[in-house]
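What follows is a short report on a single structure.
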Amino acid sequence: MSFMHKGSFAMPKDNDSPFLLDRHKRGLQNLDRMARYPKNAPVDLLIVGAGAGGLVLAQRLARAGWKVCVLEKGPFWDPDRDWVSDEKGSSHLYWTDKRIIGGDDPVEMGKNNSGQGVGGSMTHFAGYVPRFHPSDFEVRTRDGVGADWPISYWDLKPYFERVELELPVAGQDWPWGDPHSYPHAPHPVAGAANRAWKGAREYGIEMRVGPVAITNGVFGNRPHCIYRGFCLEGCKVNAKASPLITHLPDGIEHGVEVRADSMAVRIEVDAAGDRVAGVTYMHDGREEFQPADAVAVCGYAIESPRLLLNSTSARWPNGLANDNDLVGRYVMVQGATQVAARFPLELRMYKAPPPEISSEDFYETDESRGFARGFSIQTISPMPIEWAAHVLADGHWGAALREYMRDYNHWSVLGVLCELLPAPDNRVTLADERDQYGMPIARFDYTQGANDKANIAYAKKILQEIWEGAGAQDQLTIDRYAHLVGGCRMGFTAEDSVVDASHRTWGVENLYVVDGSVLPTQGAANPALVIMALADRCAELLKAKRSARASRSARGARRRAGAARWIARTHAGLSRGRGR
Amino acid sequence: MQDPSRLPNLRPKGDNADPEDLPRHRNGITPQMHGRFPDYNVLDETDHWDEVTREVVLDRVENTPGIRFFTAEEAATLKAYCDTITHQHREPRIPVLSFVDEKLLKGQGDGYQYADMPDDGTAWRLVAQGLEYSAQREWRASSFAGAPISTREDIVAVFADGKLQGGPWEQLNVSRVFKLTTKHICQAFYSHPWAWNEIGFGGPAYPRGYAAFGSDHLGDREQWEPIQATP
Ligand SMILES: Cc1cc2nc3c(=O)[nH]c(=O)nc-3n(C[C@H](O)[C@H](O)[C@H](O)COP(=O)(O)OP(=O)(O)OC[C@H]3O[C@@H](n4cnc5c(N)ncnc54)[C@H](O)[C@@H]3O)c2cc1C
Ligand code: SF4
């Protein structure tokens, strides 16, 4: 195929991660060289959350000579030791601490949308990494709904390309959005997905293989995919990308420290309240404090707002950077209905990565459909427990449940990702209940709008028609959601957003949010790639800002050290007070 | 079962499949010893699994946790409920409730709680009370567990429609608690290798992986994977 010649051997220039891994051991090999920063002196940047956004940001800035420390609530994974090739045995990968869900159309959390541990949600993401379309950045202008981004597709394009090379992404030449190609050739397509592809083709829909963040060739010391199908359970092979293996090894080599099992509970501000001084976190049941020159919150769409809302002070009575009651608002999910279809031959959909082929034919607005924006179509192959959820959702239990389950090997599943629009009341707030760290747990309310319902209904109908055309003998449907973004959205002014185009929070000079929560809209694409690209761009901006500042400011350094001492003293006082 | 008109969505409503049609399982165990792959025992493959996975999965088969979260009374009702949901009316049974009990005892939530629902453990206890309440009040049975299978199925059918009412049900969102409990039940049932034998799932696949996933030459079945019987 045409892209083979581009060479599966192109390697990123400024990220040695794939070479720092071991061919036969999956865990990181350079942990003994990891920096350990003292807790009584500020680091240059303190990051909360070792996920897609946090670890890309860390690696980039460490390369530029910054002292970067990352706090991560979950464990430091060693895939050999900690991960299993088993669905139920993988629940420790998910963020399963309780969240309260409400609204008219509540979104179930956990397994389906939130990860924990070093690597974040991508350790168990499916692996689809499509780019956003240029139209995604100007939804308000084009369609009169949602919001515009303060940056364009073209601002992010170089970062999409760089991250695609680092993951690396395998797929066919991409005809949708801004047409582009991928560094690795497309993977072979398994029987179940092939059936879906045939159906789509007959229906007149174009599908392409990929794009997936799964190696399809030599890539440093990362092995080739073995098509075992357990991508959502954490890849024990190191074939599927997560920042644990794509960015952290290089980050560690350049001075990133990750403190695992460390839950940030409060961001502390200095006396005036316009700068942050560091972060209070819980480790081993103890409260610790790490001072920092700047803080980047990278905890994803529920936890980033929660941490800001919990960081109250005299200057910020409603939560940090929350003068305009925008923190936690405009959280979005995608409508991710799936329709399964039955065929006479065995398909055994548990083999090969669940993400295989996709179509963006319906991505853009088409007025004749009667709603704004659109959806994409992707194959996704559930393992038995997820398949049971599918069968239950279609209304079967008892003998019928067992029967559809026994029929597992005959089914193929297509899903959609519908762009649902941002709404202010789809929001994260703090509940009364507290978690094991003494922090109020998050409450997430979600209600669909009319446009959202129309989009989901239309997309579902298309899936059902595709399968009918393909001669499916029976169909099972499950309505569900996928992905999370928003909550600290990026915008033009303090009145419309939480962060500006450089990810800096309005009103707090040295506080940034760099993760999925900054997305103003979510497109119909999976979000991991755009989150990594945003983090990469943010790092460039921070580097430029710092070199501009480097000439100034022995004065600034003294002021910061003073602030850190102040907060360290206050903090010590606080924890003593609480201890009594 | 090449005749799909027998699948539950397609046949007349209420017309139950007859699992007795299925071949008897000959190698290893399936729940109630029937299945589509009579000679397949996924536990024959354990040598091909990585050590960590092997330990986790075999523990599930070899060490059934005791009932510690539920009282004996609750357990009797809920065991009958689990059997009804999973259509397990004779041995060998996958001990579903034991796994649910263990999950609740350890407080292993799934990451969310609906605003109009109590916590998972309380919800399960209320279901036990609710099933007894409905069985005794509405169906005039001595108890839910003591009722004939058909009565239990009638009660569960109303439960599945979200329409059980009165007593403990008033403290619950009935549709949601049906979803919650059936989800937990299926997590337990379909994580068990006996269920994998029944449905012909390949099980753990590291480090071996797969090669036969649809190519013209290799087809869809590895040599070690089961052949499906057509009853
Ligand atoms: C099952 C599943 C399938 C998915 N499939 C896809 C897919 O195919 N394609 C795609 O693009 N995306 C997919 N996603 C989504 C994708 O993984 C996320 O959008 C992305 O990882 C989010 O990046 P992030 O940096 O915002 O947050 P994350 O990657 O989630 O990282 C946040 C990290 O912060 C930590 N944290 C949070 N709060 C605190 C705190 N207070 N203190 C310390 N640490 C904290 C968390 O433990 C976590 O590790 C999937 C997600 C899931 C769960
Ligand atoms: S299918 Fe490939 S990418 Fe997915 S978990 Fe297995 S080896 Fe990893």
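Residues are listed down the side, and each one gets a yes or a no for (1) surrounded by fewer than 24 Cβ atoms within 10 Å (Cβ to Cβ); (2) closer than 22 Å to A:P384 by Cα:
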site	(1), (2)
A:A321	no, no
A:V327	no, no
A:V339	no, yes
A:R342	yes, yes
A:P353	no, yes
A:D361	yes, no
Original post:
Within the group B:W169, B:W194, which residue is hydrophobic (A, V, I, L, M, F, W, C), more than 7 Å from chain A (Cβ to nearest Cβ) and in contact with a Gly (Cβ under 6 Å, 6 or more places away or on another chain)?
Top reply: B:W169
**OP:** Determine, yes or no, whether A:G374 is crowded, with 21+ Cβ neighbours inside 10 Å, more than 24 Å from A:V84 (Cβ to Cβ) and either among the hydroxyl-bearing types (S, T, Y) or within 22 Å of the chain's Cα centre (by Cα) (or both).
**Re:** yes
Subject >> For B:R90: the one exception among (1) closer than 30 Å to B:Q223 by Cβ; (2) in contact (Cβ under 8 Å) with a residue 40 or more places away in the chain >> reply: (1)
Subject >> Top-ranked residue in region A:119-133 [being in a loop (DSSP other than H, G, I, E, B) and under 17 Å from A:A301 (Cα atoms); ranked as nearest to ligand 1 (Cβ to nearest atom)] >> reply: A:F125
**OP:** Output the residues belonging to region B:7-59 that are more than 8 Å from chain A (Cβ to nearest Cβ), surrounded by fewer than 17 Cβ atoms within 10 Å (Cβ to Cβ) and at pLDDT below 90.
**Re:** B:R11, B:P12, B:K13, B:G14, B:D15, B:D18, B:E20, B:D21, B:P23, B:R24
**OP:** Considering each residue of region A:203-254, count those that are among the hydrophobic types (A, V, I, L, M, F, W, C), under 23 Å from B:T53 (Cα atoms) and more than 16 Å from ligand 1 (Cβ to nearest atom), and give that number.
**Re:** 2
**OP:** Could you tell me whether any residue of region B:136-143 is more than 9 Å from chain A (Cβ to nearest Cβ), under 29 Å from B:A72 (Cβ atoms), without any contact (Cβ under 8 Å) to a residue 40 or more places away in the chain and of a type in the set (K, R)?
**Re:** yes
Subject >> A:D143 being under 30 Å from A:L541 (Cβ atoms) and more than 22 Å from the chain's Cα centre (by Cα) >> reply: yes
**OP:** Considering only region A:370-410, state which residues are at pLDDT 95 or above, small (G, A, S) and not in a loop (DSSP other than H, G, I, E, B).
**Re:** A:S376, A:A388, A:A389, A:A393
Original post:
From the list A:Y182, A:Y203, which residue is at negative phi, modelled with pLDDT of 95 or more and of a type outside the set (A, V, I, L, M)?
Top reply: A:Y182
Original post:
Taking region A:215-256 as the search range and keeping residues that are part of a strand (DSSP E or B) and over 21 Å from the mean Cα position of the chain (by Cα), which one is farthest from A:A126 (Cα to Cα)?
Top reply: A:F219
**OP:** Test A:A196 against the stated conditions and say whether it is more than 9 Å from ligand 2 (Cβ to nearest atom), in contact (Cβ under 8 Å) with a residue 40 or more places away in the chain and within 13 Å of chain B (Cβ to nearest Cβ).
**Re:** yes
Original post:
Do we find that A:T493 is more than 14 Å from chain B (Cβ to nearest Cβ), within 25 Å of A:G278 (Cα to Cα), among the polar types (S, T, N, Q) and away from ligand 2 (no atom under 16 Å from the Cβ) in this structure?
Top reply: no
**OP:** Looking at (1) free of Cβ contacts under 8 Å to residues at least 40 places away in the same chain; (2) over 21 Å from A:P384 (Cα atoms); (3) buried (at least 21 other Cβ atoms within 10 Å of the Cβ), find the lone condition where B:D154 falls short.
**Re:** (3)
Original post:
What pairs can you find where one residue is in region A:89-100 and within 7 Å of another protein chain (Cβ to nearest Cβ), the other is assigned to a helix (DSSP H, G or I), and their Cβ atoms are less than 6 Å apart, with a gap of 6+ or different chains?
Top reply: A:G89/B:V56
Original post:
Which of (1) buried (at least 24 other Cβ atoms within 10 Å of the Cβ); (2) over 27 Å from the mean Cα position of the chain (by Cα) is the odd one out, the single condition A:D274 does not satisfy?
Top reply: (1)
Original post:
A:R162 passes all but one of (1) within 16 Å of ligand 1 (Cβ to nearest atom); (2) surrounded by fewer than 24 Cβ atoms within 10 Å (Cβ to Cβ); (3) under 30 Å from A:D44 (Cβ atoms); which number fails?
Top reply: (1)
Original post:
Out of (1) of a type in the set (A, V, I, L, M); (2) more than 14 Å from chain B (Cβ to nearest Cβ); (3) more than 30 Å from A:G469 (Cα to Cα), what's the single condition that is false for A:I226?
Top reply: (2)
**OP:** Return a yes/no flag: does region A:217-226 have any residue that is surrounded by fewer than 24 Cβ atoms within 10 Å (Cβ to Cβ), within 16 Å of ligand 2 (Cβ to nearest atom) and of a type in the set (S, T, N, Q).
**Re:** yes
Original post:
Which is closer than 30 Å to A:I205 by Cβ, within 11 Å of ligand 1 (Cβ to nearest atom) and touching a helix residue (DSSP H, G or I) at 6+ places or on another chain (Cβ under 6 Å), of A:A482, A:A470, A:A528, A:A535?
Top reply: A:A528
Subject >> Meets criteria (in a loop (DSSP other than H, G, I, E, B) and touching a Leu at 6+ places or on another chain (Cβ under 7 Å)) for A:Q448 >> reply: yes
Subject >> Given (1) in contact (Cβ under 8 Å) with a residue 60 or more places away in the chain; (2) within 12 Å of A:A260 (Cβ to Cβ); (3) over 17 Å from the mean Cα position of the chain (by Cα), index of the condition A:D78 fails >> reply: (1)
**OP:** Any residue in region B:100-116 that's within 9 Å of another protein chain (Cβ to nearest Cβ) and crowded, with 17+ Cβ neighbours inside 10 Å: show its pairings with residues that are part of a loop (DSSP other than H, G, I, E, B) and of a type in the set (D, E) at Cβ separation under 9 Å, as long as the two are six or more apart or on different chains.
**Re:** B:G109/A:D97; B:G109/B:D119; B:D110/A:E108; B:G111/A:D97; B:G111/A:E108; B:Y112/A:E108; B:Q113/B:D119; B:Y114/A:E108
Original post:
Can you tell me which residue in region B:172-185 is nearest to B:A141 (Cα to Cα), limited to those that are within 11 Å of chain A (Cβ to nearest Cβ) and without any contact (Cβ under 8 Å) to a residue 24 or more places away in the chain?
Top reply: B:F178
**OP:** Look through A:T280, A:T312 and report the one residue that is away from chain B (no Cβ under 14 Å) and either outside any loop (DSSP other than H, G, I, E, B) or within 16 Å of ligand 2 (Cβ to nearest atom) (or both).
**Re:** A:T280
**OP:** Test B:K179 against the criterion of being under 16 Å from the mean Cα position of the chain (by Cα), surrounded by fewer than 20 Cβ atoms within 10 Å (Cβ to Cβ), under 24 Å from A:D394 (Cβ atoms) and of a type in the set (K, R), and give yes or no.
**Re:** yes
Original post:
Looking at A:P79, A:P38, A:P75, which is the one that is surrounded by fewer than 24 Cβ atoms within 10 Å (Cβ to Cβ), within 16 Å of ligand 2 (Cβ to nearest atom) and at pLDDT 95 or above?
Top reply: A:P79
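The values are calculated or read from the model by the stated rules, or taken from the named source; none is laboratory data. Model, not experiment: these values are computed from the prediction. Quick reminder, even Gly has a Cβ in these numbers, built from the backbone with ideal geometry, and neighbours come from all protein chains shown.
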